[in-house]
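Input: a single structure, listed below in structure tokens.
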Amino acid sequence: MTVALSGKEIATKIEERFPGSVVKSSPDSLVVKSEFLLDVATFLKTTPDLDFDYLTAITAIDYYDRFEVVYQLTSIKHNHSLMVKTHCYGRDNLSLPSVVGLWRGADFQEREIYDLMGISFDGHPNMKRIVLWEGFEGHPLRKDYGT
Amino acid sequence: MEVAREHIYSDADLDRVEGNQIEALKAHSQQPFPDPDEWLDEKLERNILLITVDAALNWARRSSLWPAICFPACCAFELIAANASRFDLSRFGMEILRASPRQADLMITAGTLTWKMAPQVRRIYDQMAEPKWVIAMGACAISGGIFTSSYSVVPGYNRIIPIDVYVPGCPPRPEALIYGIRMLHSKIARRSLGTEAK
Ligand code: SF4
């Protein structure tokens, strides 16, 4: 079975390399600052022993005061996984760096998050709505949509 | 005592038996079977049926409806079940679902419709051959069903195409759909060429 790596342990490794990048960590997951996201993602993908070569899923959650974007990473090589999160504050003009350059699978999922949550991803080759149509008002998976 | 293991037939014996069978069949098959429909020719002349054009036309139309494929959601499975051997829509002359709307005159709208899909459904309807009918199957087709207040769901197909028969249910059972089809049949039976001209 795939082994879920401890967020705490990986957080220590990340902190060594990028001091100040980890906001918090727990046995299940770790939260990194959004400005470090791309560096951390590259580190996780390219570091031997980590080798997170597969992006299982990205999803986003609206906590009213912030959006949390969750990256579920897997290493097929070592059969282990890790959950990395980042936060995005505010309601308007939100953006995060895109990880499409690292994992092609992020393409549609980042577009879906943009479509339904309204977080744009910088560096994405085709940042537009995916399920709703062009001209749709708002982002319907936000908690305050339609209220 | 040892049993003698002999072949019952030699190759030559087998050939001879086969030859005998062929000869026997051939001897009995010198005449073709009589045509069971031979009597029709003469009797048909004495069987002239008088009927109104409306009745004949409506009978022909309702007895062989051609459904277009349009099932965007879960109601589809009840439609498929209705179409398959157990419920057997071929009893009503409509077992073939047409992938080309140009060969269809009935749309059974089996499923939730989103606004993104709506133009395509409208186009399928526009491409269907006249005269054409629509059965709204299921709560979603009638009113949007449980998704009626969603931001992306069309609250009823009657927003985009005219509906002839509504079949409620979530999903309607095949029996319900068949009842709806029978209702459509009686609706078609009431058509008249006189009032049809637009
Ligand atoms: S009416 Fe019910 S079964 Fe039919 S498409 Fe809607 S939700 Fe699905």
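Since every read-out is calculated from the coordinates, none of them should be taken as a lab result. Every value quoted in this text rests on a predicted model; they were computed, and no experiment measured them. Because the Cβ atoms are built from the backbone with ideal geometry, glycine has one as well, and the counts that use them run over all protein chains shown.
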### Message
Out of everything in segment B:48-94 that is among the small types (Gly, Ala, Ser) and within 15 Å of B:Asp105 (Cβ to Cβ), what residue ends up being nearest to the ligand (Cβ to nearest atom)?
### Response
B:Ala68
### Task
Restrict the check to segment B:152-167 and report whether at least one residue is surrounded by fewer than 20 Cβ atoms within 10 Å (Cβ to Cβ), out of contact with any helix residue (DSSP H, G or I) (no Cβ under 7 Å at 6 or more places or on another chain), within 30 Å of B:Ala60 (Cα to Cα) and of a type in the set (S, T, N, Q).
yes
### Task
Working carefully through the options B:Thr148, B:Thr112, find the one that is among the hydroxyl-bearing types (Ser, Thr, Tyr), within 16 Å of the ligand (Cβ to nearest atom), farther than 23 Å from B:Ile188 by Cα and touching a Cys at 6+ places or on another chain (Cβ under 6 Å).
B:Thr112
### Query
For segment A:57-72, how many residues meet the condition of being exposed (fewer than 15 other Cβ atoms within 10 Å of the Cβ) and either of a type in the set (A, V, I, L, M) or at positive phi (or both)?
3
### Query
Out of curiosity, is A:Lys143 touching a strand residue (DSSP E or B) at 6+ places or on another chain (Cβ under 8 Å), surrounded by 15 or more Cβ atoms within 10 Å (Cβ to Cβ), touching a residue at least 40 places away in the same chain (Cβ under 8 Å) and basic (Lys, Arg)?
no
### Message
I'd like the full set of residues that are within 14 Å of chain A (Cβ to nearest Cβ) and of a type in the set (Gly, Ala, Ser), limited to segment B:101-148.
### Response
B:Ala118
### Residue list for segment A:73-127, filter: buried (at least 16 other Cβ atoms within 10 Å of the Cβ) and assigned to a helix (DSSP H, G or I)
A:Ala106, A:Asp107, A:Gln109, A:Glu110, A:Arg111, A:Glu112, A:Ile113, A:Tyr114, A:Asp115, A:Leu116, A:Met117
### Message
more than 14 Å from chain B (Cβ to nearest Cβ), closer than 20 Å to A:Asp62 by Cα and not basic (Lys, Arg): is that true of A:Ser81 in this structure?
### Response
no
#### Entry: Looking only at segment B:77-88, and only at residues there that are surrounded by fewer than 22 Cβ atoms within 10 Å (Cβ to Cβ) and of a type outside the set (Gly, Ala, Ser), the one that is farthest from B:Ser64 (Cα to Cα)
B:Phe77
